[in-house]
1. If r is the Cβ-Cβ distance from GLN44 to GLN1 and R0 is 30 Å, what FRET efficiency results, to the nearest 0.05?
2. Taking each pair of distinct Cα atoms in the chain once, what is the resulting Kirkwood hydrodynamic radius in Å?
3. I need to check one value: relative contact order of the chain, counting alpha carbon pairs closer than 8 Å and at least 6 residues apart, in percent.
4. Report, to the nearest whole %, how much of the accessible area of the chain belongs to carbon and sulfur atoms, 1.4 Å probe, protein only.
5. If the cut-off is 24 Å between C-alpha atoms, which lysines fall inside it for LYS64, apart from same-chain ones fewer than 8 positions away?
6. State the answer as a single residue: which of GLY8, MET34, THR56 lies farthest towards the positive end of the charge dipole of the chain, with beta carbon charges of +1 for Lys and Arg and -1 for Asp and Glu, about the Cα centre.
7. Order 94-105, 77-88 from most to least packed using the mean count of other Cβ atoms within 10 Å.
8. Given a 1.4 angstrom probe, what's the average accessible area per residue across the range 1-101, in square angstrom?
Amino acid sequence: QVQLVESGGGLVQAGGSLRLSCTASGITFGFYNMGWYRQTPGKQRELVASITSRGTTNYADSVKGRSTLSRDNTKNTVHLQMSSLKPEDTAVYYCNAAWSGRQYWGQGTQVTVSS
């Protein structure tokens, strides 16, 4: 059974920082490209950041320069460090694992940035 378990969401003031973590089980983690997406009510889920199995990262323009995505293949975990948070970063953040036509999602974690 595949599980992606997210943690680290919560309430933070504008300008603050937080770190989201996602730990995977039930998959060969090192094969998978990992990503974080976010969604707000009435909008489509959008990519925040992704990291390939080899460690190449990609960031949405909206978070570029203030976010860092990393992976630890020994712990089957990815971390998204976000700083200089803005109210528009408020969303439910979802962890994603994708490889060879397979795709899995976490349950989501709420991030709320207060102004």
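The values are calculated or read from the model by the stated rules, or taken from the named source; none is laboratory data. Here the structure is a predicted model, which means the values were calculated and not measured. Here the Cβ is made from the backbone with ideal geometry for all residues, glycine too, and neighbour counts use every protein chain on show. Side chains are part of the model used for accessible areas, which takes the heavy atoms of the whole protein and leaves out ligands, DNA and RNA. Shrake-Rupley method; radii C 1.70, N 1.55, O 1.52, S 1.80 Å.
1. Numbers: r = 28 Å, r/R0 = 0.93.
Plugging the Cβ-Cβ distance into 1/(1 + (r/R0)^6) gives 0.60.
2. 14.0
3. Numbers: 275 pairs, mean separation 40.7, N = 115.
The normalised contact order for the chain reaches 35 percent.
4. Working: 2790 of 6180 Å².
On the chain, the fraction of accessible area on carbon and sulfur atoms equals 45 percent.
5. Once the sequence-local lysines are set aside, what remains near LYS64 is LYS43, LYS86.
6. THR56
7. Values: 94-105: 15.9, 77-88: 17.9.
Answer by packing, highest mean first, reads 77-88, 94-105.
8. That works out to 53 Å² for each residue.
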